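Coordinate-derived values only; no laboratory data. Since this is a predicted model, take the numbers as computed values, not measurements. Here the Cβ is made from the backbone with ideal geometry for all residues, glycine too, and neighbour counts use every protein chain on show.
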Amino acid sequence: MLQSKLFTTTRREMPKDEEAVNAQLLIRAGFIDKLTAGVYTFLPLGLLVLRKTENIIREEMLKIDGQEILMPTLQPKANWVKTGRWKSLEALFRLKSRHLETEYALGPTHEEVVSPLAKKFVFSYRDLPFYVFQIQNKFRDEIRVKSGLLRGREFLMKDLYSFHGNEADLDKYYEKTKNAYFKIFKRVGLDGLTVLTFASGGTFSKYSHEFQVPTPNGEDEIYICEKCQVAVNQEIIKQQNLCPQCGNKKSKKEKAIEVGNIFKLKTKFSSAFDLKYKDGGGKEKDVTMGCYGIGLSRLMGAVVEIFHDKKGIIWPEAVAPFKAHLLSVNHQILDVNKFSHEVYNTLQKNRIEVLYDDRDASAGEKFVDADLIGIPYRLVISGKTEKKIEIKKRNEDKTKLISEKELIKILKR
Ligand code: ATP
Ligand code: MG
């Protein structure tokens, strides 16, 4: 992509109404724009990151037999009354239609839609188990939204729901999603940085699990066991001070970001919607359910909170908007201009994603922008590099002068 054609530009000055590092950097670098508190537009660069994250998550969901669907955001009040959450869920956005006093909820989560949906297709044990997921914007009337993408009133979530004939089957699938979640967090660059955290399971289960990324700017507090590296959240530490995994007493407190949450719902929603099936002997039983969420936009914010320095963002390769950022410095020199174009075309022919800074801007400006935007490989062509390209990784200082051939070899890896 030509940077000269990009409709957004970077900003030097800090946005005045943002405290969170992720929002400050993402706004300055031109990935997102704030519409109002907790509500952001994803600009071309930001949407590329979000789509890459989405693809990784989708791939891993398909691998555990998830079937993708898309449920409505607009949900009838009656479904929410049935589960009691029309009243109890404080963050629910409620709205009135002008027709017949009809009221709706804006989906903050989709148990109230997916459970009655499943009822239309589940009759006998032969119809179970199955797993459906979607990637869709959610709405929650959060009280405090000062953490940028970490807490939005509108935000992107992947939510998976599983339906089983018995608890043993749910338990098996629950472990499978746990593994899939670790794969996802590894793939987006958070390998070894995501901590499995025991959380309250509500009235139906002892525990649920959160996937927490420790960082000083996290909103949550977790207690990581010094022995087995599993954590508990604040709800659990109040009930017990022993590690639920290994029984150890000592833990260290850390701030963290909850990027995912898995939950055994058991029969909580199936009983509300009378979702039953007939077992092998023809006996009616409640369907057992699980739900599994990942906040994609929050995950993007978390990645920025973890991977940045004073100059800007340092994207992990898998979710970077482009693999390479080609800077044509002294673009007005005809040879530089021609060679830059040639390299740009070669990169494209080799299907290497590249942002090409072909603007008539100063060298300083281009370098500062490249650091702010944070694409993994910076490639410089200038009056000094002749027919070579200076390559530098965003997270390293050392530069190397290489030929076009070598460049393709490195970037194709
Ligand atoms: P939190 O405790 O942070 O309010 P939650 O436990 O209510 O979140 P879930 O209902 O489990 O969240 O939602 C699944 C995932 O969606 C969370 O793990 C998180 O990654 C993301 N998420 C939840 N609320 C928000 C929000 N307001 N903005 C961005 N992402 C969110
Ligand atoms: Mg949670």
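Key figures
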item: Cα gyration tensor of region 342-413 - equivalent ellipsoid semi-axes, whole Å, descending; result: 18, 14, 13
item: Distance histogram in 10 Å bins (all Cα pairs of region 32-188, percent per bin); result: 9, 31, 36, 20, 4
item: For region 180-325, average projected area of the Cα convex hull in nm²; result: 12.1 nm²
item: For region 256-269, 3J(HN,Hα) per residue [Karplus equation, 6.51 cos²θ - 1.76 cosθ + 1.60, θ = phi - 60°, Hz, x = Gly/Pro]; result: 7, 10, 7, 9, x, 8, 10, 8, 8, 7, 6, 10, 3, 8
item: Relative contact order for the chain, counting Cα pairs under 8 Å that sit 6 or more residues apart, in percent; result: 16 percent
item: Region 282-413: equivalent-ellipsoid semi-axes (sqrt of 5 x gyration tensor eigenvalues, Cα, Å); result: 40, 17, 12
item: Per the chain, cysteines lacking a partner by the 4.7 Å Cβ criterion; result: CYS291
item: Three principal axis lengths of region 7-65 [C-alpha, angstrom, descending]; result: 45, 23, 18
item: Amide H within-cut-off set for VAL195, under 5 Å, with H built and near neighbours excluded; result: GLN212, VAL213
item: Nearby aspartates and glutamates by direct alpha-carbon distance to LYS176 (threshold 12 angstrom, same-chain neighbours under 8 apart not counted); result: GLU60, ASP65
item: Debye equation applied to the C-alpha atoms of region 36-124, log10 I(q)/I(0) at 0.25 Å⁻¹; result: -1.18
item: Structure-based [θ]222 nm, the chain - -39500 (n - 2.57) summed over DSSP H runs of at least 4, per residue, nearest 500; result: -9000 deg cm²/dmol
item: Counted charge near PHE133, where neighbours are those whose Cβ lies closer than 11 Å (Asp, Glu -1; Lys, Arg +1); result: -2
item: Average projected area [Cα convex hull, region 134-238], square nanometres; result: 8.5 nm²
item: Alpha carbon Rg of region 278-320, scaled by the compact-globule rule 2.2 N^0.38 Å; result: 2.35
item: Region 304-413, relative contact order in percent, only Cα pairs under 8 angstrom and at least six apart counted; result: 30 percent
item: Sequence-distant residues sharing a close amide H with GLY201 (under 5 Å, placed H); result: TYR207, SER208
item: Kirkwood Rh in Å, taken over the chain so that all alpha-carbon pairs contribute; result: 23.5 Å
item: Cross-link pairs beyond the 32 Å C-alpha cut-off, checked among LYS227/LYS400; LYS384/LYS409; LYS5/LYS96; result: LYS227/LYS400; LYS5/LYS96
item: Residues with amide H under 5 Å from that of LYS266, placed H, sequence gap 5 or more; result: MET289
